[in-house]
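Just below is one structure, and these are the notes that go with it.
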Amino acid sequence: MTFGEQPAYLRVAGDLRQKIVDGQLPPHTRLPSQARIRQEYGVSDTVALEARKVLMAEGLVEGRSGSGTYVRERPVPRRVSRSGYRPPGGATPFRQEQADGEGRGTWESSSEQSEASVAVAERLDIEPGDRVMCTKYLFREGGEAMMLSTSWEPLSVTGRTPVMLPEEGPLGGMGVVERMRAIEVIVDNVTEEVGARPGLAEELLVLGGVPGHVVVVVQRTFYASGRPVETADVVIPADRYRVAYHLPVK
């Protein structure tokens with residue numbers, strides 16, 4: 001399909017998008033009303049409405065109750081580093097970044113035992129319903145929520161050991177590799193699959209997004225001699241952060 005064959009609502013959305021990008025419609029400016037769009041572009045109310053919906057889905061504009069639709073502030077994407085699975089010192093990549101003297105990151109976590117769902121069981125190569133330790137994290141930078149993470153570890157590996165709770169005990173917060181080594185489980189491989197999807201309502205509520213915003217999801221799994229010993233989903237707002245990888249060359 002050529003550009004000239006695009007549906008009318010996409011052509012209107014494209015022109016308004018360009019005006020936003022070029023600064024003709026700066027942040028906090030009210031988007032032209034539906035009637036104004038209809039008049040300016042010679043389109044129907046339906047086309048004008050659909051064009052506005054496209055811009056909202058892209059996160060370029062936001063509706064304000066009783067006031068109209070406004071151009072959103074466009075955040076400058078910041079970097080979230082994903083290092084090799086064993087940073088110097090054993091701490092997680094996020095903790096390593098915050099230890100450099102310039103980091104302003106904080107995090108909070110909670111752990112509880114649960115039953116593995118079908119999806120988690122498949123990733124951990126266990127049976128659905130097997131007991132796992134589920135740990136949920138919220139990471140902040142300068143007070144702003146920047147990343148969510150949910151991890152699962154099979155209690156058949158860590159249960160009744162000093163590292164059963166990832167954030168407590170003598171190795172609390174030291175990362176999967178160091179904790180597993182303490183119970184003689186040697187992690188020798190890690191995989192990360194990166195994808196994107198619309199954020200879930202509960203995720204966007206915490207991360208400060210609006211319905212329809214896209215999140216980056218990093219699905220990470222640690223292995224010891226081919227056996228999965230931890231898997232996690234890391235969720236990052238796609239409009240505010242970029243995922244940067246620093247991988248060692250061997």
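The values are calculated or read from the model by the stated rules, or taken from the named source; none is laboratory data. Predicted, not measured: the structure shown is a model, and the values here were computed from it. Using ideal geometry, Cβ is built from the backbone for each residue, glycine included, and neighbour counts are taken over all protein chains shown. SASA here: full protein model, heavy atoms, side chains in, ligands and nucleic acids out. Shrake-Rupley method; radii C 1.70, N 1.55, O 1.52, S 1.80 Å.
Test of understanding: what is the full-extension gain from Ser110 to Leu10, defined as 0.36 nm times their sequence separation minus their Cα-Cα distance?
31.5 nm
What is the set of long-range amide H partners of Gly105 at a cut-off below 5 Å, with H atoms built 1.01 Å from backbone N?
Close amide H contacts, sequence-distant or interchain: Gly142.
Starting from the alpha-carbon convex hull of the chain, give the projected area averaged over all orientations, in nm². Don't jump to the answer; show the numbers that get you there.
On the way: hull surface 72.0 nm².
Taking the Cα atoms of the chain, their convex hull projects to 18.0 nm² on average.
How much of the accessible area of the stretch 101-216, in percent, comes from carbon and sulfur atoms when a 1.4 Å probe is used?
Taking all protein chains in place, the stretch 101-216 shows 51 percent carbon and sulfur surface.
If the chain between Thr161 and Ala196 were fully stretched, how many nm would it gain, using 0.36 nm times the residue separation less the Cα-Cα distance?
Contour length minus the Cα-Cα distance gives 9.0 nm.
Based solely on its DSSP helices, what 222 nm [θ] is calculated for the chain when runs of n ≥ 4 H residues each add -39,500 (n - 2.57) and the sum is averaged over all residues, nearest 500 deg cm²/dmol?
-7500 deg cm²/dmol
Quick query: amide H of Met146 versus all other amide H atoms, modeled in the peptide plane; which residues come in under 5 Å with a sequence gap of 5 or more or a different chain?
Phe139, Arg140, Glu141
Give me, ordered by chain and number, the residues 5 or more places off Val215 or on other chains with an amide H under 5 Å from its own placed amide H.
Result for Val215 returns Arg197, Gly199, Ala238.
Kindly state, to the nearest 0.05, the FRET efficiency for Asn189 paired with Asp239, given R0 = 35 Å and r defined as their beta-carbon distance.
0.60
Between Val249 and Ala182, what FRET efficiency follows from the Cβ-Cβ distance if R0 is 30 Å, with the result rounded to 0.05?
Once rounded, the FRET efficiency stands at 0.60.
Give, in nm to one decimal, the length gained when the segment between Arg78 and Leu138 is fully stretched (0.36 nm per residue of separation minus the Cα-Cα distance).
Using 0.36 nm per residue and subtracting the Cα-Cα distance, I get 19.9 nm.
If I take R0 = 25 Å and measure r between the Cβ atoms of Gln24 and Leu49 in this structure, what FRET efficiency does the formula 1/(1 + (r/R0)^6) give, to the nearest 0.05?
0.70
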